[in-house]
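**Q** Pasting a structure below so you can have a look.
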Amino acid sequence: MMDIHQILKQLPHRYPILLVDRVVEVEKGLRIKALKNVTINEPFFTGHFPHRPVMPGVLMLEALAQAAALLAFDTLGTTPDDKTVYYFAGIDGARFKRPVEPGDQLTLDVTLLRMKAGIFKFGAKAWVGDEVAVEAELMCTMRTIA
């Protein structure tokens with residue numbers, strides 16, 4: 001369990017790109033379950049789309065990647081510092097199954113599949129209720145910056 005204050009200590013992201021509101025479950029080295037509450041106040045809804053607000057698919061993938069980062073940090077037992085950046089290394093098999101709209105709650109479910117040579121591979125799904133909204137395999141890596 002991790003509230004927003006603990007998430008802010010782990011992730012460098014801030015409004016409007018911080019996309020994880022709460023962590024409800026972590027199994028160290030295995031999986032994480034987190035929540036993203038989607039509200040009409042999100043800045044992207046003014047342009048995506050004015051007549052029918054829908055959360056952009058890339059932001060659903062970003063929310064999953066942020067949850068994956070939290071799992072990676074927990075697995076390694078580290079807290080990232082200002083010299084560490086967590087990057088996407090790849091996205092495979094992304095499928096969007098259902099639009100996500102204001103009022104929905106995304107349940108982010110991420111499983112660590114492999115960790116090798118500094119590259120993490122995750123199986124990721126985001127749900128709204130009992131419906132899958134998006135699924136993908138994510139590859140991420142941590143890099144030290146100058």
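**Q** Could you give the nm distance between label points at V24 and A89, where each point is 7 Å from its Cα heading toward the beta carbon?
**A** Result: 3.0 nm between the two label points.
**Q** Continuing with the same structure: Mean residue ellipticity at 222 nm from the helices of the chain, using -39,500 (n - 2.57) per DSSP H segment of n ≥ 4 over the full residue count, to the nearest 500 deg cm²/dmol?
**A** Per the formula, -6000 deg cm²/dmol.
**Q** Same structure again: For the residues H48, H5, H13, what sequence is obtained by ranking on other C-beta atoms within 10 Å, fewest first?
**A** Lowest to highest Cβ neighbour count: H5, H48, H13.
**Q** Angle, helix 57-76 long axis vs. longest principal axis of the chain, Cα atoms, 0 to 90°, nearest 10?
**A** 30
**Q** Output the relative contact order of the range 4-144, whole-number percent, from Cα pairs under 8 angstrom with separation of 6+ residues.
**A** 26
**Q** Counting other beta carbons within 10 Å of each Cβ, put K83, K97 in order, fewest first.
**A** K83, K97
**Q** Provide the per-residue ³J(HN,Hα) series for the range 7-15, in order, calculated from phi with Karplus coefficients 6.51, -1.76, 1.60 and θ = phi - 60°, each as a whole number of Hz, with x at glycine and proline positions.
**A** 4, 4, 6, 8, 9, x, 5, 9, 3
**Q** Turning to a different aspect of this structure: Give the Kirkwood hydrodynamic radius (Å, one decimal) of the chain, defined as one over the mean of 1/r across all pairs of different Cα atoms.
**A** Computed over Cα pairs of the chain, the Kirkwood hydrodynamic radius comes out at 15.4 Å.
**Q** Continuing with this model, one more query. Please work out the Cα convex hull volume for the range 73-146 and give it in Å³ per residue.
**A** 124
**Q** Of K33/K97; K83/K116; K28/K97, which pairs sit farther than 23 Å apart, going by alpha carbon to alpha carbon?
**A** K28/K97
**Q** A further question on this structure: Pick out which of E62, E101, E42 has the largest mean-square fluctuation in a Gaussian network model of the chain, springs linking Cα atoms closer than 10 Å.
**A** E42
**Q** Within 10 Å of each residue's Cβ, count the other Cβ atoms and sort V100, V58, V20 from fewest upward.
**A** Taking fewest neighbouring Cβ atoms as first place, the list is V58, V100, V20.
**Q** Here's another thing I want to ask about it. Applying the Karplus parametrisation 6.51 cos²θ - 1.76 cosθ + 1.60 with θ = phi - 60° to the phi angles of the range 127-141, what ³J(HN,Hα) value in whole Hz is obtained for each residue in order, glycine and proline being reported as x?
**A** 10, 10, x, 9, 10, 6, 8, 8, 9, 6, 9, 10, 10, 9, 9
**Q** Could you give the dipole magnitude of the range 4-144 about its Cα centre, charging the beta-carbon of Lys and Arg +1 and that of Asp and Glu -1, in debye to the nearest 20?
**A** The calculation lands at about 320 debye.
**Q** Taking the dipole about the Cα centre of the range 4-144, with the C-beta of Lys and Arg at +1 and of Asp and Glu at -1, give me whichever of V20, F49, G118 is farthest to the positive side.
**A** Going by the Cα projections, it comes out as G118.
Bear in mind that the values in this text are calculations on the coordinates, not laboratory data. Please read all numbers here as calculations on a predicted model, not as lab measurements. Reconstructed Cβ throughout: ideal geometry from the backbone, glycine too, with neighbour counts over all protein chains shown.
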